[in-house]
1. Within the range 387-421, count every residue that is at pLDDT below 95, farther than 17 Å from P350 by Cβ and assigned to a helix (DSSP H, G or I).
2. Output the number of the condition that V59 fails; it satisfies all remaining conditions of (1) open to solvent by 10 Å² or more (accessible area, probe 1.4 Å); (2) of a type in the set (V, I, T); (3) touching a Lys or Arg at 6+ places or on another chain (Cβ under 8 Å).
3. Give S257, S282 a once-over and let me know the one that is small (G, A, S) and either loosely packed, with under 14 Cβ neighbours inside 10 Å or modelled with pLDDT under 90 (or both).
4. Which condition number in (1) within 20 Å of L144 (Cα to Cα); (2) out of contact with any helix residue (DSSP H, G or I) (no Cβ under 8 Å at 6 or more places or on another chain); (3) hydrophobic (A, V, I, L, M, F, W, C) is the one that I83 fails?
5. Does E338 meet the test of being under 25 Å from the mean Cα position of the chain (by Cα) and open to solvent by 40 Å² or more (accessible area, probe 1.4 Å)?
6. For V23, only one of the following conditions fails: (1) open to solvent by less than 50 Å² (accessible area, probe 1.4 Å); (2) of a type outside the set (S, T, Y); (3) over 20 Å from D136 (Cα atoms); (4) within 25 Å of the chain's Cα centre (by Cα). What is its number?
7. Tell me which of these Q7 doesn't satisfy, since it passes every other one: (1) within 15 Å of L191 (Cα to Cα); (2) crowded, with 18+ Cβ neighbours inside 10 Å.
8. Give the number of residues within the range 13-56 that are closer than 28 Å to K285 by Cα and either in contact with a Ser or Thr (Cβ under 8 Å, 6 or more places away or on another chain) or not aromatic (F, W, Y) (or both).
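The values are calculated or read from the model by the stated rules, or taken from the named source; none is laboratory data. Because the structure is a prediction, the values reported are computed rather than measured. Don't worry about glycine lacking a Cβ; one is built from the backbone with ideal geometry, like all the others, and counts go over all protein chains shown. Each accessible area value is taken on the protein alone, full model and side chains, heavy atoms only, with ligands, DNA and RNA left out. Shrake-Rupley method; radii C 1.70, N 1.55, O 1.52, S 1.80 Å.
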Amino acid sequence: MYLDPAQKPISELFPIEGRSRYVIPSYQRGYSWNIDNIEELFDDILNEDEKYYIGNLLVTKESGEDNDEVYSVVDGQQRLTTIALFFLAIYENLEEKNNSTKYKENQRDIFSLETDIKRKLQLDNDSPRLKLLERDAEVFENYLGILDQKEKARYGTRAFAKRYKFITELVDENFEDFSELKGFYDKLNSLILLRITMGDLVDAFTVFSSLNAKGLPLTLIDLLKSTFIKATVDEIDTKKASELWDQLISMFVSGDSQAKSTAITQFLLNNYDTFISKKTSSITKTKALKKYQAVFDDQGYKYIYKLINRARLFSFISPAIDQDKDVDFGEKVMDVTEDLMKLDASQSYPLMLLLLDKLRNEKIQEQTVIDIFSLLVKFYVRRNIVLKPKASNIRAAFLSVVRKIEHSDQLDKEAQEAVRKTIETISVPDNEFKVALDDAVYEISPRTVRFILINLERKHGSFFNKQTKDTLDDYMVSKGKKQMPRWSLEHILPESSNLKNGWPEMISPDNVDEATTKQDKYMHKLGNLTLTGYNSEMSDRSFEFKRDFVVDGHYAGLKTGLFINESIPNKESEEKINTKASWTPEDIERRTIELSDLVISDFSLSNS
């Protein structure tokens, strides 16, 4: 097996000289990072020290023309693509500064930086240094045209375009000053990836599996263990120390007996921000070790008991690990906490940990926690669709609440008032929520859309009753032995790239050549989505097939008696689902409005 690992700064992976380039092979999926993934990397670059390690880049070396060094990316394309988009966004920001008299004295430096970025992203023949998959490449390579003063085309409905727009907003909002932008550019160049070059794809997949199972670098928890062991010297014997450490780590162990280092790190950072820090800003990963060393120096080895108890609380709010059997809150608290887990409410973890700790110690009433968590659910539904405010702003806002209420002697009243006031301040108004709901919501957050549809069904429907068990949250094991939700999102107008079964003629009867354009515009809208337990069976079949689909003598397609399916026929035209013969863009627009109105009402912040 040929294996060549080498630490590489981004300045070498995206050099200003040379003909090295990276290709995303066809077996890979497209660019899939969401805004939280992007913002986390952005914040790490912003807050961590230079030469910060961000992970692995697993590649195979391919043959290239004209002395090109061509690398096929097996693992690491999400980071690599995001970094390329960071560079492009910096270039766009520099262009704006270059056209402003405010930055006249910086024009020479701006020109130099723009020249370097162009050479990083393009080879001397103007081909991209990073070759993405076809659908992503169409947008990316069009956007690279700005390096040659070309106008960008409009790809507003594409997820890739939306992610890049989010990145440009991050850059524009954070770097008004040229020197700050240059500092971010320098830190971006200094990021470290461990590039592992393999001889062939078979060996690469072997290493990929090993890396994902075991990981390479020492994690925060590995380093913290030595700090804890040091604190136990002359206090307890080695066996007792190991038992205590194992008690903590056991809560983060997965089914393959490997500790989940990411979850452990997330817990340690949230524990520090919640219970130790006095600030409203978050601790960084690189500074966490020294901070915890100081805690163990001050409190001794017995601090491990606090970590164990708080890790139990963390298991109650984190979907990444199994819930500890010793955590026992009321059923309503558990239900609303599960809702927050489905919505990825990780920015509010410090607030949730504090309130649950107070509840466990009987310092706050259960109903207060339920009311606050229910308000958080509504906030996150809205936030995940509108994508505002940004994750870092949410965390800072809730950390401010934690600092305000942590020592309150009127916690029930002050906690509710502080959380409500904060959410009213940072949440978007209904009109902005409505605009976002009219967009391609599936591309924005499919998990949130599924959550919304399930909640609409439970609140307004009667399909599930004493005789028909509610299975909307049930999971089943797929053929590949993966846990899959029994009910998944179904696109009525299929999302498949090759429309057939009468769909082109149905959605674009005047010109079937425009069917794909209409499909792109409408397929991910709320009005085109429903829930089904038979997604693979319905797939890209015709509307009639989906409408009349039967399993074991019962309707299992669009005639299933779900409340959310009642809006498929147009009631104003007195349509009935049994005889509805078509599904058009007009139907999707109509149903989007009907469902959006319900969503805005059900997740209103004013009636909480």
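1. 0
2. Every condition holds for V59 apart from (1).
3. Values: S282 fails: either loosely packed, with under 14 Cβ neighbours inside 10 Å or modelled with pLDDT under 90 (or both).
Unique residue meeting the criteria: S257.
4. (2)
5. Details: under 25 Å from the mean Cα position of the chain (by Cα): yes; open to solvent by 40 Å² or more (accessible area, probe 1.4 Å): yes.
Taking the combined requirement at face value, the residue satisfies it.
6. Of (1) open to solvent by less than 50 Å² (accessible area, probe 1.4 Å); (2) of a type outside the set (S, T, Y); (3) over 20 Å from D136 (Cα atoms); (4) within 25 Å of the chain's Cα centre (by Cα), only one is false for V23: (3).
7. Only one criterion in (1) within 15 Å of L191 (Cα to Cα); (2) crowded, with 18+ Cβ neighbours inside 10 Å is unmet by Q7, namely (2).
8. Count: 26.
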